[in-house]
Amino acid sequence: MTRIADLLATRRTVSVEFFPPKTEEGAAQLRRTVEELEPASLDFVSVTYGAGGSTRDRTRDLVVELQAAEPYPAMAHLTCMGGTRAELEALLADYDDHGVHNVLALAGDPPADGSPPGGDFRYASELVELVRARGDHFSVGVAAHPELHPRSTSRAEDRRHLAEKLRLADFGVTQFFFDADDYFRMVDELAALGCTTPVLPGVMPLTNPAGVARMADMAGATFPSALAERVEAAAEGEERTAVVVEAAAELAARLLDGGAPGLHLYCLNRSAVVLALLDALGERP
Ligand code: FAD
């Protein structure tokens with residue numbers, strides 16, 4: 001069983017995030033994507049966990065299936081807000097039994113209607129401790145927000161909590177962002193707090209500007225208008241893909257040149273842009 005912490009200790013990683021499909025058609029699309037990504041020799045993949053645990057069983061089944069198929073480890077995203085200790089322990093025990101030993105420990109978000117989340121947890125760091133308690137065969141990642149988490153009350157508080165959480169974890173994965181300086185500033189601020197846990201930058205090479213704008217709004221990320229305009233001006237299809245890949249490759253190259261420990265790619269269950277990006281970077285065959 002490969003721990004992502006061990007991979008990061010030996011090489012620069014390339015990983016991709018999937019979401020659990022809702023329909024048979026979506027499942028078939030994802031199966032094609034997994035096959036098409038084979039030549040990319042990914043180091044690991046991750047599978048998201050729907051808000052408030054809404055995809056718990058689908059996430060679990062997909063992670064277990066991908067993990068069993070190898071050749072790379074599958075990391076399960078898991079949120080704790082609103083969950084009980086017993087529920088989360090049962091899910092972690094199930095993952096343990098199925099050889100899934102890489103977990104991205106997240107807080108998740110409170111219910112959109114403003115009602116209290118309930119449950120036994122408030123912050124991601126509490127879930128990191130729960131995963132850690134299962135033993136050293138687990139590797140734990142956490143989320144990081146280069147442009148600050150939307151619920152943070154100040155930059156200093158955001159960085160202090162992030163440094164504390166990263167010290168408990170093995171690695172971080174960031175929210176997507178478009179300016180490499182935001183990432184490097186975060187890394188420097190963490191280092192100033194004595195935290196040098198590796199943080200993988202999350203890169204979003206997406207061809208749908210309206211969708212990116214919506215996600216950026218929710219995640220507290222800036223989607224530069226110049227980039228949005230360039231993507232919108234390009235005809236859908238090959239021309240738009242080329243613009244998106246060029247922008248993502250420029251960002252990724254700056255990140256890697258500046259010492260980022262790898263790349264985590266948000267691919268929305270599609271392979272074409274990921275393959276073109278890795279090709280442009282000369283990162284994989
Ligand atoms: P935390 O680290 O708990 O931080 C949340 C806020 O609380 C921050 O403002 C932090 O500064 C503050 N804070 C932390 N500790 C303390 C403390 N002790 N006292 C006071 N304040 C504190 N969501 C999903 O639902 N499913 C997913 O699959 C998913 N995947 C994600 C993957 C990545 C790479 C990223 C970056 C985010 C993902 N998210 C996902 C979103 C995430 O759940 C939300 O951003 C959520 O709002 C916060 O999660 P967190 O783990 O960053 O929380």
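The values are calculated or read from the model by the stated rules, or taken from the named source; none is laboratory data. Keep in mind it's a predicted model, so treat the numbers as computed, not measured. All Cβ positions, even for glycine, are placed from backbone atoms using ideal geometry, and neighbour counts span all protein chains on display. Calculation scope for accessible area: heavy atoms of the full protein, side chains included, ligands and nucleic acids excluded. Shrake-Rupley method; radii C 1.70, N 1.55, O 1.52, S 1.80 Å.
I'd like the accessible area for K165: 1.4 Å probe, protein heavy atoms, all chains in place, Å² to the nearest 10.
Result for K165: roughly 30 Å² accessible.
Determine how large the accessible area of R270 is when every protein chain is in place; take a 1.4 Å probe and give Å² rounded to the nearest 10.
About 140 Å², ignoring ligands and nucleic acids.
Evaluate the relative contact order of the chain (contact order divided by residue number), counting alpha-carbon pairs under 8 angstrom at least 6 apart; express in whole percent.
Rounded, it is 20 percent for the chain.
Within the accessible area of the chain, what % is carbon and sulfur when the probe is 1.4 Å and the other protein chains stay in place?
50 percent
Just to make sure I understand: if all protein chains stay in place, what is the order of H98, H149, H264 by accessible area at 1.4 Å, largest first?
Working: H98 85, H149 50, H264 0 Å².
Largest accessible area first, the residues go H98, H149, H264.
If DNA, RNA and ligands are ignored and the probe is 1.4 Å, what is the ranking of E35, E126 by accessible area, most exposed first?
E35, E126
Helix-derived [θ] at 222 nm for the chain: sum -39500 (n - 2.57) over DSSP H runs of at least 4, divide by residue count, nearest 500?
-14500 deg cm²/dmol
At q = 0.15, 0.16 Å⁻¹, what base-10 log of I(q)/I(0) does the Debye formula yield for the chain when every alpha carbon is treated as an equal point scatterer in vacuo?
The computed values of log10 I(q)/I(0) come out as -1.23, -1.42.
Assign unit charges at the C-beta atoms only (+1 for Lys and Arg, -1 for Asp and Glu), then state the dipole size of region 4-280 relative to its Cα centre in Debye, rounded to the nearest 20. Present the calculation step by step, with values, prior to reporting the outcome.
Values: 24 positive and 43 negative charges, 106 e Å.
Charge dipole of region 4-280: 520 debye, to the nearest 20.
Between R134 and D217, what is the FRET efficiency for a Förster distance of 51 Å, r being their Cβ-Cβ separation, to the nearest 0.05?
E between R134 and D217, to the nearest 0.05, is 0.90.
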